[in-house]
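S.K.: Handing you this structure, nothing more for now.
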Amino acid sequence: MDVILAFIRAIPSAAASPLALIAYLATLVAWAIIAYRVNRFRELMKRIELLPEGDRLAAIKAEIGRVDVPRGLTGEQYLRMRIHTFIFVGFLALCGTVAMVGIKAAYDVYQQMIRADNLTREILAPPNSDYMSAINTLSNGAQIVAEAAAELRPPMSKAELDDLVSRLARQRLNGEQISQQLADLAGTGRLKRANSVLASAAARADDAYGKVAACFRLAQCRPGFEAAMLCKALHGMKRSIDAINEAGRKIPGVNYNMSGTAPMLGGGSMDVDFSAIVAGNVDYLLSASCAT
């Protein structure tokens, strides 16, 4: 019964691989044949014990056909030997299945590692110019934010703002032009542009990791021989992004958007807004392949 339960529990694992399934079915058939033979011999042993010892071999031959009993063995000893032989053959079949499935599992792991290494090399060895441009922008991102924040001006009073808008309107500027002038005078325009440039750089760099992230999500990849190179690049990008976001949070009076997505209601041209820089693929890979 324990053997049968073990086979039933193994069905999901065996079904995941054609080779493992074939080995599983072959072992199942072998164990079925062996179980039949062993049970038959055990039942025969119970019956021949009722016969005189001299008649036991003849009874065995009559029950199972022609048999070659080694000299010096009694009928009972012969049956025990056959039972042990069948159990040993079953054990060998089980060992063969375990070895075959183990080899297949090891090969699958190796293939997952090679797949991850190949995707890593596509990104980093050597990196393309667009990726490196994005990484360089992010590495200078905290300084870019700090320089943009340094140009922010104290907020105007309502009277000052109304007077400025009136003068700009008399210059026959349209609403968009007035908004741009206000943003430039307040210093918020540069901050918004810096935020946009950094978000674009993060998106480009993060997209480069899209294939390898998808591979890990589908369990088709696992950390390989190039894992150290991959994790070094991921940690470097993450440090740059964290430094940018920290610089954004430190801006006095900032409206910090933690989601990293554009707000549903856009802020005013003179509002001090900053959206967090995000990189979903990088965050996922750090947890999936660089956790240790």
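The values are calculated or read from the model by the stated rules, or taken from the named source; none is laboratory data. Small disclaimer: the values here were computed from a predicted structure and weren't measured. Every residue, glycine as well, gets a Cβ built from its backbone with ideal geometry; the counts of neighbours run over all protein chains shown.
S.K.: If you check Q77 against the conditions, is it assigned to a helix (DSSP H, G or I) and either at pLDDT 90 or above or in the same structural domain as N281 (by TED's automatic domain parsing) (or both)? Explain how you work it out, then say what you get.
M.R.: Working: assigned to a helix (DSSP H, G or I): yes; either at pLDDT 90 or above or in the same structural domain as N281 (by TED's automatic domain parsing) (or both): no.
When the stated conditions are applied, Q77 does not pass them.
S.K.: If you don't mind, another one. Considering only region 208-290, give the helices (runs of 4 or more DSSP H) lying wholly within it that have at least 1 residues that are of a type in the set (A, V, I, L, M, F, W, C), at pLDDT below 90 and surrounded by fewer than 17 Cβ atoms within 10 Å (Cβ to Cβ).
M.R.: Details: elements: 210-217, 227-249, 280-289.
Answer list for region 208-290: none.
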